[in-house]
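The values are calculated or read from the model by the stated rules, or taken from the named source; none is laboratory data. Owing to the predicted nature of the structure, the values given are computational and were not obtained by experimental measurement. Glycine also receives a Cβ, built like all others from the backbone with ideal geometry; neighbour counts cover every protein chain displayed. When the accessible area is computed, the model is the full protein with side chains, heavy atoms only, and any ligands, DNA or RNA have been set aside. Shrake-Rupley method; radii C 1.70, N 1.55, O 1.52, S 1.80 Å.
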Amino acid sequence: MKEAKSNAVNSTFQEIKDHALAGWQELWDGKKPVIMVGAATCGRAAGALEVEEALREEVKKRGLDCPVIEVGCMGHCYAEPLVIISKPGYPSICYGLVNPVIAEKLVRDFIIGDDPCLEFVLGATEKNDLIPSLLDFPRAEYETKVILENCGRIDPEQIDHYIANGGYTALAKALQVEPAVVIEEVKKSGLRGRGGAGFPTGSKWETCRNASGRPKYVICNGDEGDPGAFMDRDILESDPHSVLEGMIIAGYATGARYGYIYVRAEYPLAVHRVQVALNQAKKQHLIGRDILGSGYSFDIRLFQGSGAFVCGEESALIASLEGEPGMPRHRPPFPATSGLHGKPTVINNVKTLAAVRHILNKGWEWFSGIGTEKSKGTAVFALAGEVVNTGLVEVPMGTTLRQVIFDVGSGVPGGRRFKAVQVGGPSGGCLPESVLDLPIDFDSLKDAGAMMGSGGMVVLSEDGCMVEIARYLQEFTQRESCGKCTFCRLGTKQMLEILDRITRGEGEPEDLEMLSSLAEDVKAGSLCNLGKTAPNPVLTTLRYFRDEYEAHIKEKRCPALMCRELIAFYILPDR
Amino acid sequence: MTVEEADVRKETNRALKRFGRKKDNLIPILQGVQGKLGYLPEEAMSEIAGYLGISEIEVYSVVTFYNQFRLNPPGRHSIRVCLGTACHMKGGYITMDAWKRRLGIDVRETTPDREFDLDSVACVGCCVMAPVTVVDGKPEGNVEPTRVDGILLNFELEREKEAKESK
């Protein structure tokens, strides 16, 4: 009986896979050139759609057999819009900062002519003798692409591209073994939740599996509310099926019948691509009743988050799925035993789910071989702010902050000095140069007063005022506090008022004492992690940049020249 | 009941047909209705409450809790200034001031001629293009005050062109 089921899954999947591979090979037949345009939101903001249109028009005008396809984000966001041209006889070449004029030139000179237009090249995507490769960049030494493997290589709106590149193999594999085996594999791999808290994923699944109550649910948390973070957006826009596959596997392992993928409405392109992916997966019987003939049924619905930062907290997210204001609930009971509608519910971050298929495909030993003793696998960071190579970075856990900012990110532009890095968004902290050699994993940043968070990293140069950034983040958490707990609701307000005064030059010497004591109170008196971590930016800036606070208070001066009320303008008569 | 109120109720009911009468659907319903009407007027909220069999105040509490929902009508063009960390540090707040000054309105307001509405957004995830302003749903990178004038000039030219064509 069991064997029959296994055979059914195998043959159904093989059919799907053969079809996908045939299409993929037809695209890459080695005879015609292929143009890929990076068209995630970051590329679009830089004008990728105009570039794409120019490419299509030129190709059509010249009557060329040359498909132009949209791909996701390669992570080199500083050079958007990106265009990759693969022409037989040449390595695949990635061009950066392309505009419609350059696009036309590329078609004329490279596709028709044989001039690879070296002046616009960013790098080749593979090693070769002709053109320096992106793999020869110093950053390649630190990067390990696991979760981002497909991003920028496949068309996210074509399920066949995903399947042809190994997609849904892990699902077909999982469906042929007992759910407990899947859980065991994930447990042994050491995978921990990528949303920031770092809870062991396998244990969460096991708790949910053993909990009574039907139906069970799997929720993918894509409510990436941290300002300064865009990893989940990029993954959902560039490789949505990897997240769906992780969800179905999680559903099978826990015995869930329904899944929700919760994406912020502020990410319209991610919402669209997830919807397209869902429709395609349903059509191929990878979602729905009797998946691949295994007898297991699982449905996924897309839910758009309505813009409340607190909904990134799992119990608040569940409340919003139930049609309530997103207010956190007391835990325990944890959602794994009592979540959506009081039923057992697994909630995992986008990146956690995207990692699952790799663990099943390559084995837990492989995954646990990456990273540090307690934090396995890779971490994805969104590098932004005052840094040369802004973009998405995936490095093994345990890489130091310095390596990420200076080696991968190439440091601060314009010869300015590095001052701090804001990690983990409003729940994290601002870390100075002195702690940059800390390895990044779930635990080590806590001692420095910050947390890894979901992966946002904003670099600040000497032009950034640390009091102002603390004030800004406090303003954010104050506005986004749901209002349930008194300390979070009123404490953050008091802290914000003090910070407001300081940045206006009206600070008093005793304010710093007051800030620290309020911060401790808010931490202690809040139910959820929004309140518990809200004071972190203030505490870390007080700890590492106290001199800036003092300059504001005692000398009524903003050393970074950012606080407008503290800048005086003079007219120099002799100029 | 005025004509406008009756229209709102009719439109709302049309949008409601796609959804089941479960409270779970409240947020998708609000998103759908706002997608149709551009905002959530009182009459729409009361129709939704009736449809789901919940009190009007429950609908109102959800509408006012989430940043996505608006209680006043939108302008023809929507301006959303990103005030995420990266945008803020790169002067997003100065861009916001420029928008306010040029449009003569405050955040969450609509110009009297209903041409533009202005709002902030927490982060659209285009941090590498900071400071970002989302104009009619399209993220524009590096929007500094001079670019604000440029975008407005573009709209003005478009309007003039339209006016010419309609003549």
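In units of 2.2 N^0.38 Å, what is the alpha-carbon radius of gyration of segment B:33-154?
Numbers: Rg = 16.1 Å, N = 122, 2.2 N^0.38 = 13.7 Å.
Normalised by 2.2 N^0.38 Å, the Cα Rg of segment B:33-154 equals 1.18.
Modelling each spin label as a point 7 Å along the Cα-to-Cβ direction, I'd like the residue A:547/residue A:140 distance in nm, to one decimal.
Distance between the two pseudo-spin positions: 4.1 nm.
Whole angstrom only: what separates the Cα centroid of segment B:137-153 from the Cα centroid of segment A:148-191?
Distance between centres, Cα-based: 41 Å.
Which residues among segment A:54-86 fall inside the zone where the amide N is under 18 Å from a point 7 Å beyond the Cα of residue B:161, along Cα→Cβ?
Label zone hits: A:54.
Just for the protein assembly as shown, what percent of DSSP beta bridges are antiparallel, to the closest 5?
Values: 37 of 70 bridges.
In the protein assembly as shown, approximately 55 percent of DSSP beta bridges are antiparallel ones.
Using only Cα positions of segment A:87-202, each an equal point scatterer, no hydration layer, compute I(q)/I(0) via Debye at q = 0.11, 0.24 Å⁻¹ and quote the log10 values to two decimals.
-0.61, -1.37
If I stretch the segment between residue A:282 and residue A:388 completely, what's the gain in nm (0.36 nm per residue apart, minus their alpha carbon distance), one decimal? Don't skip to the end; give the middle numbers.
Working: separation 106, 0.36 × 106 = 38.16 nm, distance 4.18 nm.
So the chain would gain 34.0 nm between residue A:282 and residue A:388.
Rounded to two decimal places and with Rh computed the Kirkwood way over Cα pairs, what is Rg over Rh for segment A:294-363?
Numbers: Rg = 14.2 Å, Rh = 13.8 Å.
Taking Rh as the inverse mean 1/r over Cα pairs, Rg/Rh reads 1.03.
Within segment A:233-260, what residues put their amide N at less than 15 Å from the label point 7 Å along the Cα-to-Cβ vector of residue A:301?
From segment A:233-260, the list is A:257-260.
Compute for chain A: radius of gyration divided by Kirkwood radius, i.e. Rg/Rh, restricted to C-alpha atoms, rounded to two decimals. Before the final figure, lay out each step's value.
On the way: Rg = 25.1 Å, Rh = 25.1 Å.
Rounded to two decimals, Rg/Rh equals 1.00.
For segment A:1-45, what % of the accessible area comes from carbon and sulfur atoms, probe 1.4 Å?
Details: 1250 of 2410 Å².
The computed percentage sits at 52.
May I ask you to compute the full-extension gain from residue A:31 to residue A:373, defined as 0.36 nm times their residue separation minus their alpha-carbon distance, rounded to one decimal in nm?
Details: separation 342, 0.36 × 342 = 123.12 nm, distance 4.75 nm.
So the chain would gain 118.4 nm between residue A:31 and residue A:373.
What ³J(HN,Hα) values, in whole Hz, does the Karplus curve 6.51 cos²θ - 1.76 cosθ + 1.60 give for segment A:28-33 when θ = phi - 60°, with x put for Gly and Pro?
These are the phi-based 3J(HN,Hα) values: 9, 7, x, 10, 10, x Hz.
Take chain B, connect every pair of alpha-carbon atoms lying under 10 Å apart with a spring to form a Gaussian network, then pick out the residue of B:103, B:153, B:52 with the largest mean-square fluctuation.
Among B:103, B:153, B:52, the largest mean-square fluctuation in the Gaussian network model of chain B belongs to B:153.
Under 8 Å for C-alpha pairs, at least 6 residues apart: give me the relative contact order for segment B:14-114, rounded to a whole percent. Kindly include the intermediate steps, with their values, before the conclusion.
Values: 75 pairs, mean separation 22.1, N = 101.
It rounds to 22 percent for segment B:14-114.
Could you tell me what percent of the accessible area of segment B:46-160 is made up of carbon and sulfur, with a 1.4 Å probe and every protein chain present?
Answer for segment B:46-160 is 49 percent, counting heavy atoms of protein chains only.
Please list 3J(HN,Hα) in residue order for segment A:374-379, calculated via the Karplus relation 6.51 cos²θ - 1.76 cosθ + 1.60 where θ = phi - 60°; whole Hz, with x for glycine and proline.
9, 10, 9, x, 10, 10
Quick one: Karplus J couplings for segment A:111-126, per residue in order, coefficients 6.51, -1.76, 1.60, θ = phi - 60°, nearest Hz, x for Gly and Pro?
5, 7, x, 10, 9, x, 6, 4, 5, 9, 6, 8, x, 7, 8, 9
Would you please give the residues with an amide H less than 5 Å from that of residue A:302, counting only those at least 5 places away or on a separate chain, with H modeled from the backbone geometry?
The answer is A:261.
Treat every Asp and Glu Cβ in segment A:57-122 as -1 and every Lys and Arg Cβ as +1, leave all other atoms uncharged, and give the resulting dipole magnitude about the Cα centre to the nearest 20 debye. Provide the component values of the computation, followed by the final result.
Details: 6 positive and 10 negative charges, 23 e Å.
For this selection, approximately 120 debye.
Counting heavy atoms of the protein chains only and a 1.4 Å probe, report the per residue accessible area for segment A:153-288 as a whole number of Å².
Values: 3700 Å² over 136 residues.
Accessible area per residue: 27 Å².
Pull up all non-local amide H partners of residue A:198: gap of 5 or more, or a different chain, and H-to-H distance under 5 Å with H placed in the peptide plane.
The answer is A:193.
Determine the relative contact order of chain A: mean sequence separation of Cα pairs under 8 Å and six or more apart, normalised by residue count, in whole percent.
Relative contact order here is 13 percent.
Please list the non-local residues whose amide H lies under 5 Å from the amide H of residue A:379, H modeled 1.01 Å from N, same-chain partners needing a gap of 5 or more.
So residue A:379 has HN proximity to A:395, A:397.
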